[in-house]
Amino acid sequence: MSTSQTAAFVRKDMLPPKDPPTSQAGLVKWLRENLFASWLNTVLTLASLFVIYLLVTHFYPWFRHSVWNANSIAECRTAIAATWGEGATGACWAMLRERWHQFIFGFYPPELYWRPIAVFLGLLLAVAPVLFTQLPRQMLLFSLTYPLLAIWLLWGGSAWPVIMIAAGFGIGYLALRILGDISAILAVVVAIVAPVLFWLFAVGPLDEVLTKVIPLAIEPVASDRFGGFLLAITIGAGGIALSLPLGIILALGRQSNMFLIKSFSVMFIEFIRGVPLITLLFVASLLLNYFLPPGTNFDIILRVMILVTMFAAAYIAEVIRGGLAALPRGQYEAADALGLDYWKAQRLIILPQALKISIPGIVSTFIGMFKDTTLVTFVGLFDPLKGIPDFIRADFNWKGIYWEPFVFVGAIFFILNFSMSRYAMYLERKLKRDHR
Amino acid sequence: MTSASDAPEQGFRLSQLIYDTRYRSLTIQVVTFILVMAGAAWLVDNTIQNLNQLGKDFNFGFLSNRAGYDIGQQLIPYTNDNTHARALLVGLLNTLWVSILGCAAATVLGIFVGVLRLSHNWLVARLMTFYVEMFRNIPVLLWILVCLALLTEITPSPNAYKINPETGESAVSMLLFDSIALTNRYTAIPAIEFSNSLGAIDTAFAPISLNFLLIAVVLIVSIWANRRLQAHAHKVQDDTGVRPVTWWKSLLILFGPLLVVLVALGFHLVSPTLKGFNFTGGVNVSNAFVALWLGLTLYTAAFIAEIVRAGIMAISKGQTEASFALGLRPNRTMKLVILPQALRVIIPPLISQYLNLTKNSSLAIAVGYMDLRGTLGGITLNQTGRELEAILLMMLIYLAISLTISGLMNIYNKSVKLKER
């Protein structure tokens, strides 16, 4: 055999790769894998398509037949019948056009709408540095002063009581700074006692004098003018801000080695968690008058907010307890070994980790609480879900309008809560430190 | 030479109460105790003063007075001549009834949705995500109100089911082989009847139907017998390595006696029929109940779906692969490997969902279903003017329900918990 004999055929150039078969590429492949992988999957797909078809055929015409310009539901119906034929149903958004301000602000005086709007924008500004750590830390100063500013803007009246409350906190802080070097325990005691004494005894006379000298006041707005989302967000945001610190303290109390502290915390948490929020709201509206000194009668929104805060705090305490329990024992021991005292260990080592683990739970508690603010309708407040729509339906023009308020209010709740849960997921990802 | 010296002996100094960690906790506890007790005393004192001022006293005697109001939905016999205590009991049973039915339905729906959300089917998974997000992010009150509005606004009046003599057809037709009729006032469903009824025992509390008692006893005995059968099969398997075939014996033991009893009692369903203006023959369930139950079920099911999904996802893929490697078939893998582990993750949050549903059932106030809040915390409170007693009692009852549920479920949780050694 001579080596000159060439092989029958040797390809010199590469063939271009062939396209995969049509059943293995592109849309067809995706469809086969994701929708029609097996006969069961096919059945499920068809069933889903049927459900979607039902949803669309029921709701789309209703949205499509929307009427935006009308003065009553009867006008809406006539307009829909005129355009789309007899028997057609459609959304009557004209109601929103006329009444949107009640959904948002309740019965807040229209000429003062700038105040809740300013408070809401302020809320965004105050919350931003807390939510996003990239922002300058100086903004936190505004976040600290914001609650008092918001209270003053929303309820109006003289600014002095609010300034006095702030001054009380200032006194406490000063006491902590000045006495802190001398004796830590003395400083803490004075920092708690001095502001309380100041609020109890000095505020009344001081307020009187100052109001006479410089009457720093804006028009007051009574609590019964609050309603709609203004009310829901006020109670929700107030409750959230107050319940987190209270919840942390309760959780630490429940994990404490001290028997009495632990029992009190357990009793409080289990009692609150064992009863429905409605009963607590009834306590706020009916029983709080019994529990307080005779003649005391303070604002219903404040009363509701106190009870809602207690309610949320108990749930948050349980969530944080889960986070505390999930920390390895070694973390506590390491903190002790470093010679940190209880509060330093909690602040520097335990809580940052425990809170990180509990973030999803904390946010879902907040979402739950924000949803639960709608229950205030049962103690006579005008929540956006039932109070305001019932009020609107009481008007003869809008009698029998059911679905539009549900859709509108539901959509706003959905947007707010959904974004809260997405933020929680973002935070969870950001704070994740392990590399598994 | 140095000898180890003892710690300097010193007497107890007062400052040790604050600076010595051995005594500090005692100080803190005593201070807390005094503060809490002082707070409690202050509240009680205020309450006594306020009650005196109003000329009221604190006693629960009103519970034995005549109630004087009617309750639409009742599980035990009740008339307006009964006492407030009886009304309370009716309300409590209504609360429990809607809670139990709600928990059961929410669990079934939740598991279904949770599993489907993990499906490889793109469309189904998206649809279920949509459902879960919709229901989780919108207040349950809205869903209850929507259900009520759907039932009262969309459904026809009972009259619409009347058969037109000319055409021989009615304007709307009943569902499920003419057995369920949705109307704007109630939902008519079939009633269970026994042609050879054994009657009932009349107790002061409520008449107990002997038929249902018999069925319950038979069921319990069947389940017990089935467990004996399974235990025997296990033993045989352990001894010989071959598991006897039990499935048909199980089926026979579980359903045979039940069928015999049902046939003997003449068990049958009576469909509701339109007589005059209303449906009779079946059971007319008020729309308030249906709306509350449906709203609570749909809402809670979304949460349970997430719990189930998280539970299944928490079991690592290695477990499935390991069990396949051992030669277990997929259904055995699910039953013996995945589920026992997933249940451990699922049960604790599931308990709190059951508790939430029970507490949310107090939203009955929105639809007018007479639950505990509607009777004791509603009409009784308003009629007797005893807010303090009524609300405290109501809170205690809810607390007792919650603690019972969590206690029972914790026992179950212990039985499935990982036994660490």
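Bear in mind that the values in this text are calculations on the coordinates, not laboratory data. Every value quoted in this text rests on a predicted model; they were computed, and no experiment measured them. We place every Cβ from the backbone using ideal geometry, glycine too, and count neighbours over all the protein chains shown.
Using C-alpha pairs under 8 Å with a sequence gap of at least 6, the mean separation divided by the residue count of chain B gives a relative contact order of 22 percent. Once backbone amide H atoms are built at 1.01 Å from N, B:ILE180 has B:LEU175 as its partners under 5 Å, excluding neighbours fewer than 5 places away on the same chain. Candidates B:VAL90, B:ALA291, B:SER250 compared by Cα position along the dipole of chain B: farthest toward the positive end lies B:SER250, with charges placed on Cβ. Spread over its residues, the convex hull of the C-alpha atoms of the protein assembly as shown is 386 Å³ per residue. Between amide H atoms placed 1.01 Å from N, distances below 5 Å from A:GLY157 occur with A:ILE218, A:GLU219, A:VAL221, all of them 5 or more places distant or on a separate chain. When B:TYR186, B:TYR299, B:TYR69, B:TYR19 are sorted by how many other C-beta atoms sit within 10 angstrom of their C-beta, beginning with the fewest, the order is B:TYR19, B:TYR69, B:TYR186, B:TYR299.
Once the convex hull of all Cα atoms in the range A:325-424 is built, its volume per residue stands at 119 Å³.
In percent, rounded to a whole number, the relative contact order of the range B:310-377 is 27, using alpha-carbon pairs under 8 Å and six or more apart. In order along the range B:387-395, the phi-based Karplus estimate (6.51 cos²θ - 1.76 cosθ + 1.60, θ = phi - 60°) of 3J(HN,Hα) comes to 4, 4, 5, 4, 6, 4, 4, 4, 5 Hz; Gly and Pro are listed as x.
Exposure proxy shown here: for A:TRP39, A:TRP155, the number of other Cβ atoms within 10 Å sets the order, fewest to most, as A:TRP39, A:TRP155.
For chain B, the spread of Cα coordinates along the three principal axes comes to 118, 78, 48 Å, biggest extent given first.
Among B:SER362, B:SER197, B:SER406, the largest mean-square fluctuation in a Gaussian network model of chain B (Cα springs under 10 Å) belongs to B:SER197. Couplings 3J(HN,Hα) for the range A:251-256, derived from phi with the Karplus relation 6.51 cos²θ - 1.76 cosθ + 1.60 (θ = phi - 60°), are 5, 5, x, 5, 8, 5 Hz, where x marks Gly and Pro. Residue by residue, what Karplus-based ³J(HN,Hα) values in Hz, rounded to whole numbers, does the range A:404-413 have, using 6.51, -1.76 and 1.60 with θ = phi - 60° and x for Gly and Pro? Karplus values, whole Hz, x for Gly and Pro: 4, x, 4, 5, 5, 5, x, 5, 5, 4. Here A:TRP343 and B:PHE12 are evaluated by their C-beta separation; at R0 = 25 Å the FRET efficiency comes out at 0.45. Spin-label pair B:ARG332-A:SER38: with each label point 7 Å from Cα along the Cα-Cβ axis, the two points sit 1.8 nm from one another. At q = 0.29, 0.33 Å⁻¹, what log₁₀ I(q)/I(0) does a Debye calculation on the Cα points of the range B:262-301 give, no solvent, two decimals? For the requested q values the scattering log ratios are -0.90, -1.01. The modelled label-to-label distance for the pair B:ILE192/A:VAL127, using points 7 Å beyond Cα in the direction of Cβ, is 5.0 nm.
Computed from point charges on the beta carbon alone (+1 for Lys and Arg, -1 for Asp and Glu), the dipole magnitude for chain A about its Cα centre is near 1380 Debye. For a modelled paramagnetic label at A:TYR53, 7 Å from Cα along Cα-to-Cβ, the residues of the range B:109-125 in reach, with backbone nitrogen under 17 Å, are B:123-124. A Gaussian network model of chain A, with springs between Cα atoms under 10 Å, assigns the largest mean-square fluctuation among A:THR309, A:THR22, A:THR42 to A:THR22.
With R₀ fixed at 45 Å, the C-beta to C-beta distance from A:LEU206 to A:THR83 puts the FRET efficiency at about 0.10. The mean count of C-beta atoms from other chains within 10 Å of the C-beta of residues in B:114-126, rounded to a whole number, is 5. For the range B:45-201, the relative contact order works out to 10 percent when only alpha carbon pairs closer than 8 Å and six or more residues apart are counted. Between the C-alpha center of the range A:286-306 and that of the range A:41-98 there is a gap of 46 Å.
Computed from label points 7 Å out along Cα-Cβ, the spacing between B:ARG126 and B:VAL416 is 3.3 nm.
Pairs of Lys residues in chain A are counted when their Cα atoms are under 23 angstrom apart and they lie 8 or more places apart or on different chains; the count is 7.
Per residue of peptide A:28-41, the mean number of Cβ atoms on other chains within 10 Å of the residue Cβ is 2. Listed from fewest to most Cβ neighbours within 10 Å, the set B:THR203, A:THR374, B:THR32 follows the order B:THR203, B:THR32, A:THR374. Taking 4.7 Å between C-beta atoms as the pairing limit, the protein assembly as shown has these partnerless cysteines: B:CYS103, B:CYS147. Sorted largest first, the principal axis extents computed over the alpha-carbon atoms of the range A:131-199 equal 39, 36, 14 Å.
Using the alpha carbons alone, the radius of gyration of chain A stands to its Kirkwood radius in an Rg to Rh ratio of 1.13. The distance linking the range B:32-107 with the range B:356-421 is 11 Å (Cα centroid to Cα centroid, whole angstrom). In units of the compact-protein estimate 2.2 N^0.38 Å, the range B:1-133 shows a Cα radius of gyration of 2.22. Per-residue mean of foreign Cβ neighbours for A:276-288 is 6 (Cβ atoms of other chains, 10 Å radius).
Exposed loop sites here are GluC sites (Glu not before Pro) assigned a DSSP state other than H, G, I, E or B and surrounded by at most 11 other beta carbons within 10 Å; excluding them, the longest clear run of chain B is B:170-419.
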